[in-house]
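Contents: one structure, followed by commentary.
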Amino acid sequence: MTPTPDDPKYRVLDETFGFTAFRPGQEAVVDDLLAGHHTLAVMPTGAGKSLCFQVPALVRGGLTVVVSPLVALMENQVAALQLAGAAAEAINSGRPREANVATWRRVKSGEVTLLYMSPERLMTEPMLAALSALPLSMFVVDEAHCISQWGHSFRPEYRDLQRLGELFPGIPIGAFTATADAVTRDDIVARLFGGRAQVHVAGFDRPNIRLMVAPKDNVRRQLLAYVAEHQGECGIVYCLSRAKTEEVAAQLEQAGHKALAYHAGMDAEARSRRLDTFMTQPGTVMVATIAFGMGIDKPDVRYVAHVDLPATIEAYYQELGRAGRDGAPAEAQLFFGLQDIRLRRVFIDQSEADEAVKRVESRRLDALVAYCEAVECRRASLLAYFGETVEPCGNCDVCLNPPTVVDGTELGQKVLATVARTGERFGTAHIVDSLLGHATEKIEKFGHHTLSTFGAGREHKGPVWRAVIRQLVSSGFLEIDVGGYGGLAMTPRGHRLLKGEESVRLRTDSLGRAAGARSKATRAPEPVGDPVALDLLQRLKETRLALARERGVPPYVIFHDATLIELASRRPTSRDEFAEIHGVGASKLRNFADTFLAAIAGHTAGQG
């Protein structure tokens, strides 16, 4: 749609947020919410999810209640909205009671358009009763995957949000997440919307992030070498345990890096100090458990490294998505070993979740292992899990340094024949037992010991067949029923392989020897060309940091790097020229133009 000045959504987009057009995928979501439809939007990190509900909230007027799981996430969004001139507030446990009471008075008097709250605070009877007396315009559920028991970070406190539709009929609900596979999406729609909603899936690809996996071979040495390649760049290193974060951070410090540990065992003040350092000081490496998660919105993270295997492929996708939010080149490096799989299996088996949830978690782990073993484009393997098909990306380790492979057609056909003859409804363990000729109780119960494929794979051991199956899944010949019992079924490509119409290559290093040399990390190039502009860009970053510290907010809340880069390139000399810069809305023009114009003028005079 062509922007028109008299269209309220474009006016808000320009005057409040400083943008002249929506990004791909945003406008359809905005339109559905403006039309009053229940809406689920699944959009990749950095695609501008927040704008999709903030614009409709400001256009519709009244009160929009935004449910957010973390105090830090709320505070950052509220600070950014207030700097943009929007009437946004938060009520949460991180604020003094007097401040929350004063905020509620402003809400009641109609002075607040966007109110951020946690699900626990929203779903109390007094709060629900108080809200029912106000002119509600919309509810928004951020990080909506938390409502689904199939989501990778299900939160019980989100469950009660299912009552919103019943308690407030006619009030549209928007749900937003960056990470939800088909099973999770269906569950969100069923729980939050009673099965009826507009669903937008904007795609999961983050093409600027180079995807890489390396088999573990002295992971301490591997990580130190990797971080050394990124000396002076901001990164996140994920570890499985609290103790390991402390250990790895100390090793990186000894090697000359500015590294901090972060985990849930620290007191809130210590975590807050370390988060502030990470958000404001360049070149900081945060070594963290998954406690360092939602709400980390730092644009210039150049890499995310995992020294331990994440829990699921969804969790991995969300964690790697914290890299490269500015759109510049970034990397996701995963170090992977057999012990990782064993530990994750133990965690699943020993969890208190019911058997259905354990089955789903096991299938998701299978999908992540298959991604690690991909013999074809790694990005294609990752996105296939979320239902997307892409051509080889040229920006992953498999595309750049293809692994050693052998013709695995015969092995693949044996697996596929066994899957077909057993009815395409049994999982990996049953298929492997059939191939090995193990007459288990289950195999005899279904008569599978009488099939021609029974024992057809005795020439190899179980781990080989499990690796073959994972690679067939990662290459798109088999698919896993994640939402059911984990049964394996052939895809159209699998049928072609079984008929001899297609072949398959299998990597020979499966979970064993190193997968070959990884290409040297690609540095994020400075997007400004000449030395004078680079010097000015640094001065503008220092100006931004000072303003951010005065206000107690992360630097990107003032301006994103893209805005500073444009300022350094165009060097505006007046408020009118400053207003033309991408990301400058009316409020930021009023509050920051003079400061930045002075910095630019001072730099220019110094050059003269």
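The values are calculated or read from the model by the stated rules, or taken from the named source; none is laboratory data. Computed from a predicted model, the values in this text were never measured in an experiment. All Cβ positions, glycine included, derive from the backbone under ideal geometry; neighbour counts span all protein chains shown.
From (1) within 25 Å of ALA370 (Cβ to Cβ); (2) of a type in the set (A, V, I, L, M); (3) buried (at least 19 other Cβ atoms within 10 Å of the Cβ), pick out the condition that doesn't hold for LEU260.
(1)
Restricting to segment 275-288, name every residue that is free of Cβ contacts under 8 Å to residues at least 60 places away in the same chain and crowded, with 20+ Cβ neighbours inside 10 Å.
PHE278, THR284, VAL285, MET286, VAL287, ALA288
Cβ-Cβ distance below 9 Å, separation of 6 or more or different chains: which pairs start in segment 132-146 with a residue that is among the β-branched types (Val, Ile, Thr) and end on one that is buried (at least 16 other Cβ atoms within 10 Å of the Cβ) and part of a loop (DSSP other than H, G, I, E, B)?
VAL140/SER68; VAL141/SER68
Mind telling me which of the residues ASP576, ASP561 ends up being closer than 22 Å to ALA21 by Cα and either at pLDDT below 85 or within 26 Å of the chain's Cα centre (by Cα) (or both)?
Details: ASP576 fails: either at pLDDT below 85 or within 26 Å of the chain's Cα centre (by Cα) (or both).
That would be ASP561, the only listed residue that is closer than 22 Å to ALA21 by Cα and either at pLDDT below 85 or within 26 Å of the chain's Cα centre (by Cα) (or both).
Of everything in segment 330-353, what is within 21 Å of ALA214 (Cβ to Cβ) and outside any helix (DSSP H, G or I)? Give them in sequence order. It would help to see each step written out before you state the result.
If we filter segment 330-353 for residues that are within 21 Å of ALA214 (Cβ to Cβ), which is where we start, we get 330-344.
Within segment 330-353, ALA330, GLU331, ALA332, GLN333, LEU334, PHE335, PHE336, GLY337 meet the criteria.
I need the full set of residues from segment 423-458 which are over 22 Å from ASP366 (Cβ atoms) and polar (S, T, N, Q), in order please.
Residues satisfying the conditions are THR450, SER452.
So which pairs qualify, if the first residue must be in segment 490-517 and acidic (Asp, Glu), the second must be at pLDDT 90 or above and surrounded by fewer than 17 Cβ atoms within 10 Å (Cβ to Cβ), the Cβ gap must be under 6 Å, and the two must be at least 6 apart or on different chains?
Pairs found: GLU502/ARG496.
Run down LEU164, LEU128, LEU115 and say which single residue is in a helix (DSSP H, G or I), free of Cβ contacts under 8 Å to residues at least 60 places away in the same chain, assigned by TED's automatic domain parsing to the domain that holds ALA86 and buried (at least 17 other Cβ atoms within 10 Å of the Cβ). Before you say what the answer is, go through the steps one by one.
Values: LEU128 fails: buried (at least 17 other Cβ atoms within 10 Å of the Cβ); LEU115 fails: in a helix (DSSP H, G or I).
Going through LEU164, LEU128, LEU115 in turn, the sole match is LEU164.
Could you list, ordered by first residue, the pairs with Cβ atoms under 8 Å in which the first is in segment 339-362 and within 21 Å of ALA180 (Cα to Cα) and the second is in a helix (DSSP H, G or I) and of a type in the set (Gly, Ala, Ser), at least 6 apart or interchain?
ILE348/SER362
Modelled with pLDDT under 85, in contact with a helix residue (DSSP H, G or I) (Cβ under 6 Å, 6 or more places away or on another chain) and surrounded by 16 or more Cβ atoms within 10 Å (Cβ to Cβ): which single residue out of SER362, SER381 fits that description?
On the way: SER381 fails: modelled with pLDDT under 85.
It is SER362.
Among (1) surrounded by fewer than 23 Cβ atoms within 10 Å (Cβ to Cβ); (2) at pLDDT below 85; (3) out of contact with any strand residue (DSSP E or B) (no Cβ under 9 Å at 6 or more places or on another chain), where does ASP340 come up short?
Evaluating ASP340 over (1) surrounded by fewer than 23 Cβ atoms within 10 Å (Cβ to Cβ); (2) at pLDDT below 85; (3) out of contact with any strand residue (DSSP E or B) (no Cβ under 9 Å at 6 or more places or on another chain) leaves (1) as the failure.
Determine which member of the set VAL101, VAL71, VAL67 is buried (at least 20 other Cβ atoms within 10 Å of the Cβ) and either among the β-branched types (Val, Ile, Thr) or outside the structural domain of TYR317 (by TED's automatic domain parsing) (or both).
Details: VAL101 fails: buried (at least 20 other Cβ atoms within 10 Å of the Cβ); VAL71 fails: buried (at least 20 other Cβ atoms within 10 Å of the Cβ).
Going through VAL101, VAL71, VAL67 in turn, the sole match is VAL67.
So that you can scan it fast, the table gives a plain yes or no per residue for (1) among the hydroxyl-bearing types (Ser, Thr, Tyr); (2) buried (at least 21 other Cβ atoms within 10 Å of the Cβ):
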site	(1), (2)
LEU13	no, yes
GLN26	no, yes
ASP31	no, no
ALA35	no, no
THR39	yes, yes
MET43	no, yes
GLY48	no, no
VAL55	no, yes
LEU58	no, yes
